[in-house]
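This report refers to the structure that appears directly beneath it.
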Amino acid sequence: MKKTVNRKLLLLLAPALLLGCSEDEFDPTAADATLTACTVVEKIFAPKCNDCHKPGGDYPDLSYDGLAALINVESEGYPGQVQVVPGDPEASFLYRKITGNLTADEGDPMPEKKALPDATIAFIAQWIQEGASMDCTPDPTNTSTEAYHPAGYAEATVHGYEMELGLETDCRQCHGDNLQGADDAPDCDSCHQEGWREDCTYCHGGAVSDSGAPPRDLAGLMDLTMLSFKAHGQHEAGDAHPAYECEQCHDKPTDVMTPGHIFDDETAGVAEVVFSAGLSAQGTYNGNGSCSNLYCHGNGRNNSGTADHDDGQLDCNACHAGPTATTAWRTMSGEHSKHMRERLACTDCHNSTVNSAGAIAQAALHVNGQVDLDFGTNDMTRTNNRCTGTCHNERHTNETW
Ligand code: HEC
Ligand code: HEC
Ligand code: HEC
Ligand code: HEC
Ligand code: HEC
Ligand code: HEC
Ligand code: HEC
């Protein structure tokens, strides 16, 4: 069964799909913008402040009840400063935090990264000027933050999948170019374990090796039969060939921010297959674990190899003629067929690559991009593609292949 995006979608928790946006700016001229504490709390503080200013949090609670508790009350963090002085905005610390009219030891302007619009600030000034009345009935449905993300988004299984499968808008739009927080969207590093950006098993891989290659793909799948590419393990293992690095088939990133890695806007959530830095530089990826124009799965003479991850374990005849492929020997270059018929073995001329049993002897030499010749104990030499010496009872003098 091939993997589809729909199947991945089903893996997501339901709340993650119920996304909404709360980017609407407060409009002081709107009909519902009555000059009351309720408007200040519900239309301004809830969307702009309450991510950080939560009930029971480290900084003042800016809900309706929290605000009431700041009228004529001194700041805990900044002794001597009264938070809200009815009738006097400039004497109100909360107001000075918003305008940024602060001395060096009075902390940061609020919100920390993006100032409120002037009209909104003027609205708060007028509310304080007119006595900072708390006389209104708060909307019971608007108790706290109008969060951008749905409830439960802080769970790794929710926001992790959304990011990995490219289902949510590019996180950088709100969380900053380097994901270190912007406006009221928090710094990703504020919750994550240290070093997560360079940790290749933080989001994928880790089940079989520490390289980052699936299993545990981007949807968290471990089941080999469900993966978009079932053969990562074989390529990495290096049993019959060198242990291949990711570069053979992908641009290998150095961390999460590497261009084209987790953030590639055109193909978000898709792992690009890029052969250009590998042995099969001209290879083509056809999707669904199928490739063509490969050197690696070819016969060693051209780049016409094909492969499909459903092919399973490959034997020696899958790419070129193997030790027992009598009739296929003639597809090999030069004198192969003639020599094999004279009962030579692959090991006679490729001694370091293949042993006398016809099995790969040194994996690092096989499918490494070059044909390795080694005559072993045979009294032969090859210079400028010509062979000299005596072997299989035959004298060779500068023979071409
Ligand atoms: C990104 C988180 C964040 C947001 C959003 C934010 N604040 Fe703050 N706020 C803080 C932090 C951290 C402090 C403590 C450090 C400081 O005073 O600079 C603080 C302190 C304050 C203080 C002083 C508290 C004290 O100790 O007396 C006030 C008043 C305040 N914020 C008001 C606001 C208002 C009003 C908004 C929205 C318009 C807002 N903040 C939005 C993080 C935030
Ligand atoms: C349109 C702006 C926007 C985008 C896009 C966005 N975020 Fe956020 N994110 C926010 C805001 C604002 C907050 C503060 C809490 C809230 O409003 O939900 C936040 C908070 C979070 C939190 C903490 C949630 C909590 O309950 O404490 C996580 C985790 C998160 N974002 C992850 C992501 C990831 C991952 C992406 C990209 C896949 C992303 N966000 C994209 C605006 C955004
Ligand atoms: C409110 C805290 C919080 C914030 C903010 C947050 N994360 Fe996470 N995230 C976690 C936790 C907890 C984990 C689990 C691993 C850990 O503890 O580091 C996690 C894991 C992840 C994973 C791995 C999921 C997996 O297991 O495959 C991704 C991807 C991720 N976060 C992306 C982001 C991005 C991008 C942002 C910023 C836009 C972000 N997170 C902000 C709490 C958070
Ligand atoms: C925060 C999560 C995260 C971390 C950490 C992470 N990756 Fe990825 N990786 C992804 C996502 C998401 C994709 C697919 C996204 C895409 O291309 O749209 C991906 C894709 C890849 C691909 C396929 C090619 C591509 O870019 O699409 C390779 C190779 C890869 N990652 C290697 C690594 C290596 C190596 C590391 C450690 C240096 C690493 N990853 C760390 C999330 C992560
Ligand atoms: C022999 C080629 C090859 C090598 C080597 C290789 N990959 Fe892949 N990889 C693929 C193919 C093909 C896909 C499937 C792309 C698709 O159809 O979406 C893939 C998919 C992936 C995916 C996404 C899986 C998913 O669908 O969720 C990740 C992540 C990944 N590779 C990481 C790596 C890492 C990390 C390495 C190095 C340790 C690596 N790959 C080495 C060929 C390779
Ligand atoms: C996936 C395709 C593939 C399979 C399967 C394969 N080969 Fe090869 N083989 C190649 C390619 C391509 C070359 C070209 C030279 C190179 O890059 O090492 C090669 C080269 C060779 C050589 C020449 C010596 C050398 O070091 O290049 C010998 C001998 C050889 N293979 C033997 C075998 C044997 C024995 C088996 C089975 C155990 C086998 N091959 C299976 C692709 C394959
Ligand atoms: C008599 C020596 C000899 C024997 C025996 C021999 N080879 Fe070769 N092989 C060569 C030479 C010479 C080349 C060409 C090297 C060059 O010029 O790059 C070669 C090249 C190859 C290549 C590269 C593609 C091609 O056709 O040129 C493959 C693959 C290969 N041999 C596999 C094998 C296998 C498998 C066997 C056993 C079935 C075998 N060889 C037996 C001498 C031999």
Leu227: passes all of (1) surrounded by 15 or more Cβ atoms within 10 Å (Cβ to Cβ); (2) free of Cβ contacts under 8 Å to residues at least 40 places away in the same chain but (2)
Of the residues that make up region 310-332, is at least one within 16 Å of ligand 4 (Cβ to nearest atom) and closer than 29 Å to Pro214 by Cβ?
no
Of the residues in region 331-343 that are within 20 Å of Thr383 (Cβ to Cβ) and part of a loop (DSSP other than H, G, I, E, B), the one that is nearest to ligand 6 (Cβ to nearest atom) is Ser333
Selected residue (only one of Ala69, Ala115, Ala119 is hydrophobic (A, V, I, L, M, F, W, C) and closer than 20 Å to Ala182 by Cβ)
Ala115
Identify all residues within region 179-194 that are surrounded by 14 or more Cβ atoms within 10 Å (Cβ to Cβ) and away from ligand 1 (no atom under 16 Å from the Cβ); write none if there are none.
His192
Please work out if Thr331 is surrounded by 12 or more Cβ atoms within 10 Å (Cβ to Cβ), at pLDDT 95 or above, more than 18 Å from Asp239 (Cβ to Cβ) and within 16 Å of ligand 5 (Cβ to nearest atom).
no
Filter result for the condition that a residue is surrounded by fewer than 18 Cβ atoms within 10 Å (Cβ to Cβ) and in contact with a strand residue (DSSP E or B) (Cβ under 9 Å, 6 or more places away or on another chain), over Asp239, Asp251
Asp239
Residue check, Asn302 polar (S, T, N, Q), outside the structural domain of Ala363 (by TED's automatic domain parsing), free of Cβ contacts under 8 Å to residues at least 60 places away in the same chain and not in a loop (DSSP other than H, G, I, E, B)
no
Among the residues of region 78-113, which ones are under 40 Å from the mean Cα position of the chain (by Cα) and closer than 20 Å to Ala132 by Cβ?
Lys97, Ile98, Thr99, Met110
Hey, among the residues in region 101-126 that are among the small types (Gly, Ala, Ser) and at pLDDT 95 or above, which one's surrounded by the fewest Cβ atoms within 10 Å (Cβ to Cβ)?
Ala122
Out of Gly195, Gly176, Gly206, Gly152, I need the residue that is free of Cβ contacts under 8 Å to residues at least 60 places away in the same chain and farther than 30 Å from Gly233 by Cβ. Which one?
Gly176
Output the number of the condition that Glu247 fails; it satisfies all remaining conditions of (1) more than 16 Å from ligand 6 (Cβ to nearest atom); (2) assigned to a loop (DSSP other than H, G, I, E, B).
(2)
Could you tell me whether any residue of region 78-90 is within 16 Å of ligand 2 (Cβ to nearest atom) and either aliphatic (A, V, I, L, M) or touching a Ser or Thr at 6+ places or on another chain (Cβ under 7 Å) (or both)?
no
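The values are calculated or read from the model by the stated rules, or taken from the named source; none is laboratory data. No experiment lies behind these values; they were computed from the predicted model shown. When we count neighbours, we look across all protein chains shown, and the Cβ atoms used for this are built from the backbone with ideal geometry, even at glycine.
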